[in-house]
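Asker: Quick one: the structure is below, and I'll ask about it shortly.
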């Protein structure tokens, strides 16, 4: 024991080491790493309870609500919570709701949602159902009945493609949006304006902040923020015009279906079509109809099997908005645009005369390619205006040759592709920027495209010799390869009508918040211009006027009171093998030819001649716009293009 | 020496004049801190305020009883314990055996361990008392050595004394107390002058025995899980990590000066399991921060300083060894408990002296202080 005091020093040293270890670690935890732990402590104890905002309304230009909200008692099932007795629960629910088991199962069998996400299986159930399930909670594990605000469409199918619909947020969307205030049970705009303006329509969810203990018991409430309703969309769309456009499109399709094809081998199918009414001066869309259509109310109450297979799988593709989501060959409606381009490049002039032979061959072409006019007669020399009026193809074929030759001579510099550049100036080959989703850009054929184009997806080259003169020649008459959307064509005609402003087509006039303040209005709608003189544009408008009075659409517009409402327009019949021809008419209407107010366009898939298929639809829509009595033109024969 | 001077001399050496007031003051301070922390845990837990009030009063009453125990024990001459060391030791072994007998010992709510007697609603944990009994017995054995340093047979004899209660405690199972007994033994062997070579052999044997214990599945699953959770935190199951995670968040979020009394969300919202017993230090770390934690460490440092000083000043080897054993006990309990709370030691159920809620632990700590005082007071007699 003599060494006790020195051995006590050893013990003391060990104790000192303990204190050093503890102090060092405490310094690290409490001084160096404290920020991280403070964050974790905050995450631990703060809980949020969210309340959903009311979605904004969608109103037409006069304030008619096109989309409203209504209360629905919704039955939701969380698959994870169904328990081992899930089948019995669903059977019980089926009896209570009087919905077949397979319908409930079908709605549950989805991989769009997480298994811990409540899935709606029935909407608009009675309060009795809610009370019953609430009372016998043990019999219905994983089942809840919650009041929700769902969409209401006072005018049913009207403007379905434009308005769009909502749907429960998908699993992958939720992953992306959960930081932006979305909950698993939230709906989100799926298509149309509902999708594009989701950010405005949604509103801000209300938040109640709680401090909770480790058992989840609330200790105290911190802040409350009430939900803010979404902003209302005030549209340029006019309910009356929209309904007129839809009715005239539908009536027109039925009428066309009774008429034979040009070779009289079959009746026209007229299976689909689109009508656009646009303000020529501003680009404001007053009506946009697409057929076939669907009923957005299906998505409120959940699609039945039949509705689902029709909407998603039927070959008629009712989900497509044909005004913007498909590219079509424009036919002769394109001649107003290509005629202006020919004037701009000096290939045509207002005073010039151009021959309209029955056949045309590109000068120097030895391949034997011959382009035919729509008639076998040689009509002789005519002005550009008259060529538009009677839609002479060979006049435009010759302009196409000149565009091609210019390209060949200037291949190495950027100015070679005059026709393509001019068409892009008119907005073709690019989306218009309309406030709707999934717009297509169409196609302006150019050398790059000609190099890559193939027959079928992986077939041989469509143009083994590359960019041949026929491509420009056919583009001049709007045939074969060029593709436009109805809205692009309406936009280009709008520029011709308003003196050269390429106005971005748009549907929303203003967005108004719940306080009544305008939060957004479209800007720079007409900032782009096309480089044509007022006299050139007036010249084309006059030509379009003579189409109605003495040209290809004269019989269709026979008896139309042009003294009251000036109308100009252009027919188009686009071959689309193996289908029947696409029928087009682009009209403009107003007080006079100087500043037409409306562009009215109709396009009918497999609708035959423009003059007989689409033009009468445009005539009747214009009559509706101007409150004119509905009248009918003469029986137009074939031969109009 | 005349009578007056002799009386004065004797008077000077009267034990009551040599109370270690520093030690007494630190113990009172630590106990007060414990009550303050216990109150903070209970203050904002809803519906349990009354329940917690009972706990605080119980803890306060226990501390009161503890002070009486200090007075009683220090009024005895500590050498009294040397005389009765054998009886004390055997009695504690008997208690450890009895507690394992069904119907006599009480099983804890989890059903895993059987560690205490329940007498008139008061829980008595024999393993806590065993710690002091082992100290007394070891001190009695080691103080008999007449050679300058213990021979191997002395060391084995001392080990035999320690191993029997250690095994009995270990199979309860109470790994925490086993660790404390082992540390006490090592600490006392060091102070007794054991050769370094013997200590090394001892540590090798110890490691082998621990390995054997794992091999023979003597160690309970939850204890293995705690250990793996400590060694491989990232891959540990959520349950095994939870306590440590919450404890680290609590201490770490305290920062330099703490979040303020009753302002700690981890503590006050009851996120740290067992925060009134083994994890009481989290309440201090969160509410009073690094400064508060260091203050508590300072109080323990003062206790250990006084204990080692008493060991150095003691009149005889028995006193030195008892004081060194008590110093070892407090040191290892403080280190393992705070170490596990801040993640540098695995989680074992070792209470923090004077702070953790629990009667037996508090009373044994006070009894140890009483023995320290007794040794200090009689260093001249």
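Every number in this text was worked out from the coordinates using simple rules, so none of it is lab data. As the structure is a computational prediction, the values presented were derived from the model and not from experiment. Cβ atoms come from the backbone with ideal geometry, glycine included; neighbour counts cover every protein chain shown.
Asker: Let me know the Kirkwood hydrodynamic radius for the stretch A:94-152, please, with Cα pairs as the basis and the value in Å to one decimal. Don't skip to the end; give the middle numbers.
Answerer: Working: mean 1/r = 0.0786 Å⁻¹.
Result for the stretch A:94-152, one decimal place: 12.7 Å.
Asker: Can you grab the distance from the C-alpha centre of the stretch A:301-357 to the C-alpha centre of the stretch B:262-339, Å, no decimals?
Answerer: Going from one Cα centre to the other spans 85 Å.
Asker: Residues in the stretch A:56-80 near a label at residue A:146, defined as backbone nitrogen under 20 Å from the 7 Å Cα→Cβ point?
Answerer: It comes to A:56, A:69-80, nothing else.
Asker: Using the C-alpha gyration tensor of the stretch A:49-235, what are the square roots of 5 times its eigenvalues, in whole angstrom, with the largest one first?
Answerer: On the way: eigenvalues 172, 110, 48 Å².
Value: 29, 23, 16 Å, ordered largest first.
Asker: Could you calculate the contour length gain from residue A:365 to residue A:9, that is, 0.36 nm times the residue separation minus the distance between their Cα atoms, to one decimal place in nm?
Answerer: 117.0 nm
Asker: Also: Which FRET efficiency value, to the nearest 0.05, do you get for residue A:42 and residue A:381 by plugging their Cβ-Cβ distance into 1/(1 + (r/R0)^6) with R0 = 60 Å?
Answerer: On the way: r = 85 Å, r/R0 = 1.42.
Result of the calculation: an efficiency of 0.10.
Asker: Between the stretch A:87-137 and the stretch B:86-107, how many Å separate their Cα centres?
Answerer: One Cα centre to the other: 61 Å.
Asker: At a Förster radius of 51 Å, what calculated FRET efficiency corresponds to the Cβ-Cβ distance of residue A:135 and residue B:25, to the nearest 0.05?
Answerer: Working: r = 65 Å, r/R0 = 1.28.
Approximately 0.20, to the nearest 0.05.
Asker: Residues of the stretch A:344-369 with amide nitrogen under 14 Å from the 7 Å Cα-to-Cβ point of residue A:408?
Answerer: Backbone N within reach: A:361-369.
Asker: Based on DSSP H runs of at least 4 residues, each adding -39500 (n - 2.57), what is the mean residue ellipticity at 222 nm of the protein assembly as shown after dividing by all its residues, to the nearest 500 deg cm²/dmol? Kindly include the intermediate steps, with their values, before the conclusion.
Answerer: On the way: 36 runs with 476 residues, N = 1022.
Calculated mean residue ellipticity at 222 nm is -15000 deg cm²/dmol.
Asker: Using a simple spin-label model with points 7 Å from Cα along the Cα→Cβ vector, what separation in nm is obtained for residue B:380 and residue B:231?
Answerer: Placing both labels 7 Å beyond Cα along the Cβ direction yields 5.5 nm.
Asker: Oh, and also: Using only the alpha-carbon atoms, how far is helix A:4-27 inclined from the longest principal axis of chain A? Give it as 0 to 90 degrees, nearest 10.
Answerer: The helix A:4-27 is inclined about 30 degrees to chain A.
Asker: If I model a spin label at residue B:298 and residue A:431 as a point 7 Å from the Cα along the Cα→Cβ vector, what separation in nanometres do I get?
Answerer: 6.8
Asker: Oh, and also: What is the distance, in nm, between label points placed 7 Å from the Cα along the Cα-to-Cβ direction at residue A:261 and at residue A:451?
Answerer: Inter-label distance under the simple model: 3.7 nm.
Asker: Kindly state, to the nearest 0.05, the FRET efficiency for residue A:353 paired with residue A:538, given R0 = 35 Å and r defined as their beta-carbon distance.
Answerer: Values: r = 20 Å, r/R0 = 0.56.
Plugging the Cβ-Cβ distance into 1/(1 + (r/R0)^6) gives 0.95.
Asker: Fewest Cβ neighbours within 10 Å first, please rank A:365, A:397 accordingly.
Answerer: Working: A:365 15, A:397 26.
Least crowded to most crowded, the residues run A:365, A:397.
Asker: What length, rounded to one decimal in nm, is gained on full extension from residue A:123 through to residue A:592, with 0.36 nm per residue of separation minus their alpha-carbon distance?
Answerer: Working: separation 469, 0.36 × 469 = 168.84 nm, distance 5.28 nm.
Result for the pair: 163.6 nm of gain on full extension.
Asker: Same structure, new question: Counting only other chains, and only Cβ atoms inside 10 Å, what mean value do you get across the residues of B:292-298? Before the final figure, lay out the partial values.
Answerer: Values: counts 1, 6, 6, 0, 0, 5, 1.
Per-residue shielding by partner chains comes out at 3.
Asker: Right, next: Stokes-Einstein D for the stretch A:476-519 at 20 °C, 1.002 mPa s, Kirkwood Rh over Cα pairs, in µm²/s? Present the calculation step by step, with values, prior to reporting the outcome.
Answerer: Working: Rh = 13.2 Å.
Here the translational diffusion coefficient equals 162 µm²/s.
Asker: Quick check on the stretch A:263-359: what does the Kirkwood estimate of hydrodynamic radius come out to from the alpha carbon pairs, in Å? Don't jump to the answer; show the numbers that get you there.
Answerer: Values: mean 1/r = 0.0559 Å⁻¹.
About 17.9 Å, per the Kirkwood formula over Cα pairs.
Asker: Report, to the nearest 10°, how far helix B:126-142 tilts away from the longest principal axis of the Cα atoms in chain B, using its own Cα long axis and a range of 0 to 90°.
Answerer: 30
Asker: Can you tell me the 0 to 90 degree angle between the C-alpha axis of helix A:86-97 and the longest principal axis of chain A, rounded to 10?
Answerer: Result, in degrees: 60.
Asker: Follow-up question, since we're still on this one. For the protein assembly as shown, take N as its residue count and report Rg(C-alpha) divided by 2.2 N^0.38 Å. The partial results should precede the final answer.
Answerer: On the way: Rg = 47.0 Å, N = 1022, 2.2 N^0.38 = 30.6 Å.
Normalised by 2.2 N^0.38 Å, the Cα Rg of the protein assembly as shown equals 1.53.
Asker: When a/c is below 1.5 the answer is rounded, else prolate if a/b is larger than b/c, else oblate, so apply that to the stretch B:3-377 with a ≥ b ≥ c taken from the square roots of the Cα gyration tensor eigenvalues.
Answerer: Numbers: a/c = 1.68, a/b = 1.24, b/c = 1.36.
Judged from the Cα gyration tensor, the stretch B:3-377 comes out oblate (a/c at least 1.5, b/c at or above a/b).
Asker: So for A:353, A:312, fewest C-beta neighbours within 10 Å to most, what's the order? Present the calculation step by step, with values, prior to reporting the outcome.
Answerer: Numbers: A:353 14, A:312 11.
By the 10 Å Cβ count, ascending, the order reads A:312, A:353.
Asker: In what sequence do B:185, A:552 fall when counting other Cβ within 10 Å, fewest first? List each step's numbers first, then the result.
Answerer: Details: B:185 23, A:552 28.
By the 10 Å Cβ count, ascending: B:185, A:552.
Asker: Can you tell me the relative contact order of the stretch A:348-400? Whole percent, Cα pairs under 8 Å, sequence separation 6 or more. Write down the numbers at each step before the final one.
Answerer: Numbers: 82 pairs, mean separation 24.5, N = 53.
Relative contact order for the stretch A:348-400 comes out at 46 percent.
Asker: With an 8 Å Cα cut-off and a minimum separation of 6 or more residues, compute the relative contact order for the stretch A:61-141 in percent.
Answerer: Values: 71 pairs, mean separation 36.7, N = 81.
Value for the stretch A:61-141: 45 percent.
Asker: Please work out the Cα center distance from the stretch A:440-519 to the stretch A:562-617, rounded to the nearest Å.
Answerer: Measuring centre to centre over Cα atoms gives 18 Å.
Asker: OK, next. For the stretch A:331-509, what does the alpha-carbon gyration tensor say about shape, rounded, prolate or oblate, given a ≥ b ≥ c as the root eigenvalues, a/c under 1.5 as rounded, and a/b over b/c as prolate? Don't skip to the end; give the middle numbers.
Answerer: On the way: a/c = 1.73, a/b = 1.18, b/c = 1.47.
The shape class here is oblate.
Asker: Quote the relative contact order of chain A in percent (integer), defining contacts as alpha-carbon pairs under 8 Å separated by 6+ residues. Walk me through the intermediate numbers first.
Answerer: On the way: 1381 pairs, mean separation 89.6, N = 641.
It rounds to 14 percent for chain A.
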